[in-house]
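The values are calculated or read from the model by the stated rules, or taken from the named source; none is laboratory data. Quantities reported herein were computed from a predicted structural model and do not represent experimental measurements. Here the Cβ positions follow ideal geometry from the backbone for every residue, glycine too, while neighbour counts run over all protein chains shown.
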Amino acid sequence: MSVLSFVLILIAVMTLVSGELFLKRAMETTHESGFGSRRVLLPFSAGIAAMTISFFLKLGLLQHFDLSYLYPFQGFSVIIISIAAAIMLHERLTPPLVIGALLISAGIVVVSIS
Amino acid sequence: MRNRPTGWANPLLHLVLSVILVTVSELLLKRGAAETATPQQTWSWTGVSGLASPWVWCAIVLIILSFVTWLHVLRYLALSVAFPLSNAVYVLVPLCSWLFLGESISATRWCGIALVLIGLVVVAKPVARLEERL
């Protein structure tokens, strides 16, 4: 794997993670300020933009690598999203959440390499 | 934790709905893609020829619906709970491709599916207990 493809995979995962974080932040703010406010629409648009970048990067990567090569990296996004949600959104990570996320990630890796 | 709506607006119901919608859309995409596959064409890698299949359009509608239900889920559930649970698609898609599309599943893949399934139960159990107390 070349350095460039590794960087592209990293960006694809990170944009997916940040997209989910932005969407979560946007949807949480709807409770206080409704759907039309700028505090909702800004993170919502950022989330859509990040996910669009992730989608096209993934499409491009799929043209060069097998799905089974790329899916394990997607498996890690479960762990990364849990950690990011704890740090950025101050969600509380309980032991079952950590163990569950690790098992799911491991399972996705096994499913894709088989 | 924020008060969750019950009945049809229950975010857990929408999480299940979102996962089912994604699974069905993946199966429809596969069906549509198989019908319209034209490997000899220059532009085949973009997948645009798939748009000729009505199955692909059904899949697109389901993907949009699943996104709407996912947004509803995000309003009420913590991301560190909802996102791991949404990975149930990694169990359902291989199982449904095995049941409905006749694809085969290797022993290693069964092990991976089992791992994901155990992880889902571990994450979902405390959530289910919370729900009972409400």
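Name the residue that is farthest from the other protein chains (Cβ to nearest Cβ), counting only residues in segment B:107-118 that are more than 10 Å from B:TYR90 (Cα to Cα) and touching a Leu at 6+ places or on another chain (Cβ under 9 Å).
Here the answer is B:ILE118.
Keeping to segment A:58-102, report how many residues are assigned to a helix (DSSP H, G or I) and among the polar types (S, T, N, Q).
4
Under 7 Å between Cβ atoms, which residue pairs at least 6 apart in sequence (or on different chains) link something in segment B:51-78 that is touching a residue at least 40 places away in the same chain (Cβ under 8 Å) and more than 12 Å from B:VAL22 (Cβ to Cβ) with a partner that is hydroxyl-bearing (Ser, Thr, Tyr) and surrounded by fewer than 21 Cβ atoms within 10 Å (Cβ to Cβ)?
Listed pairs, sorted by first residue: B:ARG75/A:THR30.
Tell me which residues, restricted to segment A:45-94, are aliphatic (A, V, I, L, M), within 10 Å of another protein chain (Cβ to nearest Cβ) and touching a Phe, Trp or Tyr at 6+ places or on another chain (Cβ under 6 Å).
Listed by number, the list holds a single entry, A:ILE81.
Is at least one residue of segment B:96-106 within 11 Å of chain A (Cβ to nearest Cβ) and either part of a helix (DSSP H, G or I) or at pLDDT 95 or above (or both)?
no
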